[in-house]
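Chemist: Here it is, the structure, as structure tokens.
The values are calculated or read from the model by the stated rules, or taken from the named source; none is laboratory data. None of these values were measured; they are calculated from a predicted model. Heads up, the Cβs are rebuilt from the backbone with ideal geometry, glycines too, and the neighbour counts pull from every protein chain shown. Heavy atoms of the whole protein, side chains included, go into the accessibility calculation; ligands, DNA and RNA do not. Shrake-Rupley method; radii C 1.70, N 1.55, O 1.52, S 1.80 Å.
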Amino acid sequence: AMCNGTVALEIAIRALGLQGEVIIPSLTFIATAHALQWQEIRPVFCDIDPESCTIETSRIEELITPLTTGIIGVHLWARPCDTDALQNIAEKHQLSLIFDAAHALGVTSGGKMIGGFGDAEVFSFHATKFINSFEGGAVTTNNTELADRIRLMKNFGFSGYDNVVYIGTNGKMPEVSAAMGLTSLESMDEFIGINHRNYLAYRDGLEGIPGIRLLPYSEKERTNYQYIVVLLDEEIAGIGRDKMIEILHKENVIARRYFYPGCHRMEPYRSRQPQAGLVLPETESLVRKIIVLPTGTDINMESISEITDIIRCAIDHADELTDFLADR
């Protein structure tokens, strides 16, 4: 357990001895890239599969160079990466493999629970996650030697009382956060049930709205249903994603543009890799369509019905709304 998911990722990267270049998707929270760059490791951005929205495994090998030391796959919105394909590529090229599993607690891939893939997987227990410890994170690994190294690194390198044997930092989870995390775990099944109920309500409420597609969860896997992700096709809907977000915000609906505009368009990556977008067509397309809608224990069926009605109304009256918003 760690003080947060970013520190957990940084420590996992350092414990594995990554350096040079590491391949990651650009469609992820900026911490995935920063955890590398903070340690002077260059993130190399790979495009995504448009259906799963996770790293496109068929594009990875063309990005491998003599400087490549690892791959970080991101399980996005509780939808797992192609773990088998990534493992095969990592083994073939003798690369370390980490999974950013911040969204994926309680999720399976191929029937196996996320947490046991690659060299290590990293979780977040931030307040936005369905299991939270106010703030926190964790690293899981099946490698005993790596686990021992990570335990030393997160606690200043202490091995027993007054005995420092390794370079480390203060990555420990505070006790109050641990207590909150344990309390959240006690309600894990309840939270998943509520999220599933909300997902089904959104699915029914959004059905048939032109230009709106709700990303589905696999019926073959376990999931936490934590993210209600909608893709808006402007050509069909008659209204752009950003205008829809503006309308929702005016109606006090806190919708988000995850993860706009992509890590490659944020600093320092935008300046250091200005042409990155040319090899990320699926990422560039998707970040202009994504809307993530509210869910969780504070959302009820009436609220979900109101939200889907707002979206339906906005698209039904797209022409009038566009003119109205332009005049304000």
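Chemist: Please pick out the residue among Thr6, Thr32, Thr54, Thr68 that is within 21 Å of Met113 (Cβ to Cβ) and not hydrophobic (A, V, I, L, M, F, W, C).
Modeler: Sole residue among the options that is within 21 Å of Met113 (Cβ to Cβ) and not hydrophobic (A, V, I, L, M, F, W, C): Thr54.
Chemist: Tally the residues that are open to solvent by 20 Å² or more (accessible area, probe 1.4 Å), at pLDDT 95 or above and hydroxyl-bearing (Ser, Thr, Tyr), restricting the search to the range 125-158.
Modeler: 3
Chemist: Yes or no: Ser58 closer than 24 Å to Thr283 by Cα, touching a Lys or Arg at 6+ places or on another chain (Cβ under 8 Å) and either at pLDDT below 95 or not in a loop (DSSP other than H, G, I, E, B) (or both)? Give the steps one after another, and end with the answer.
Modeler: Values: closer than 24 Å to Thr283 by Cα: yes; touching a Lys or Arg at 6+ places or on another chain (Cβ under 8 Å): no; either at pLDDT below 95 or not in a loop (DSSP other than H, G, I, E, B) (or both): yes.
No, not satisfied.
Chemist: Taking only pairs six or more apart or across chains, which ones have beta-carbon atoms under 7 Å, a first residue in the range 158-185 that is among the aromatic types (Phe, Trp, Tyr), and a second residue that is open to solvent by 70 Å² or more (accessible area, probe 1.4 Å)?
Modeler: Phe158/Val164
Chemist: Any chance the range 318-327 includes a residue that's surrounded by 14 or more Cβ atoms within 10 Å (Cβ to Cβ) and not in a helix (DSSP H, G or I)?
Modeler: Scanning the range 318-327 turns up no residue that is surrounded by 14 or more Cβ atoms within 10 Å (Cβ to Cβ) and not in a helix (DSSP H, G or I).
Chemist: Hey, can you tell me all the residues within the range 241-259 that are modelled with pLDDT of 95 or more, in a loop (DSSP other than H, G, I, E, B) and either of a type outside the set (A, V, I, L, M, F, W, C) or more than 23 Å from Ala31 (Cβ to Cβ) (or both)?
Modeler: Selection gives Glu251, Asn252, Val253, Arg257.
Chemist: Quick one: is Asn224 surrounded by 14 or more Cβ atoms within 10 Å (Cβ to Cβ), in a loop (DSSP other than H, G, I, E, B) and of a type in the set (S, T, N, Q)?
Modeler: yes
Chemist: To continue, here is another question. Got a sec? Which of Ser285, Ser271 is part of a helix (DSSP H, G or I), within 18 Å of the chain's Cα centre (by Cα) and surrounded by fewer than 15 Cβ atoms within 10 Å (Cβ to Cβ)?
Modeler: Answer to the selection: Ser285.
Chemist: Follow-up. May I ask you to list the residues in the range 116-134 that are under 16 Å from the mean Cα position of the chain (by Cα) and under 15 Å from Ser184 (Cα atoms)?
Modeler: Phe123, Ser124, Phe125, His126, Ala127, Thr128, Lys129, Phe130, Ile131, Asn132
Chemist: Please give the number of the condition Gln19 fails out of (1) part of a helix (DSSP H, G or I); (2) farther than 25 Å from Thr108 by Cα; (3) open to solvent by 30 Å² or more (accessible area, probe 1.4 Å).
Modeler: In the conditions (1) part of a helix (DSSP H, G or I); (2) farther than 25 Å from Thr108 by Cα; (3) open to solvent by 30 Å² or more (accessible area, probe 1.4 Å), Gln19 misses (1) alone.
Chemist: Okay, moving on. Report, by residue number, each residue of the range 179-221 that is under 21 Å from the mean Cα position of the chain (by Cα) and in a strand (DSSP E or B).
Modeler: Hits for the range 179-221 are Arg213, Leu214.
Chemist: Here's a follow-up. Test each condition in (1) open to solvent by less than 30 Å² (accessible area, probe 1.4 Å); (2) at pLDDT 95 or above; (3) over 22 Å from Cys53 (Cβ atoms) for Thr308 and report the one that comes out false.
Modeler: (3)
Chemist: Here is a further query. Name the single residue that is surrounded by the most Cβ atoms within 10 Å (Cβ to Cβ) among those in the range 67-120 being out of contact with any strand residue (DSSP E or B) (no Cβ under 9 Å at 6 or more places or on another chain) and under 19 Å from Glu21 (Cβ atoms).
Modeler: Here the residue is Lys92.
Chemist: Within the set of pairs 6 or more residues apart or between chains, which connect a residue that is over 17 Å from Val279 (Cβ atoms) inside the range 28-53 to a residue that is surrounded by fewer than 16 Cβ atoms within 10 Å (Cβ to Cβ) and among the hydroxyl-bearing types (Ser, Thr, Tyr) with Cβ atoms less than 9 Å apart?
Modeler: none
Chemist: Out of all the residues in the range 278-311, which are in contact with a Gly (Cβ under 8 Å, 6 or more places away or on another chain), of a type outside the set (Asp, Glu) and over 18 Å from Leu76 (Cα atoms)?
Modeler: Scanning the range 278-311 gives Ile304, Ser305, Ile307, Thr308.
Chemist: Sticking with this one: I need every pair where a residue in the range 90-116 that is over 17 Å from Met2 (Cβ atoms) has its Cβ under 9 Å from the Cβ of a residue that is in a strand (DSSP E or B) and open to solvent by 60 Å² or more (accessible area, probe 1.4 Å), sequence separation at least 6 or different chains.
Modeler: Listed by first residue and then by second, the contacts come to Gly106/Met113; Val107/Met113.
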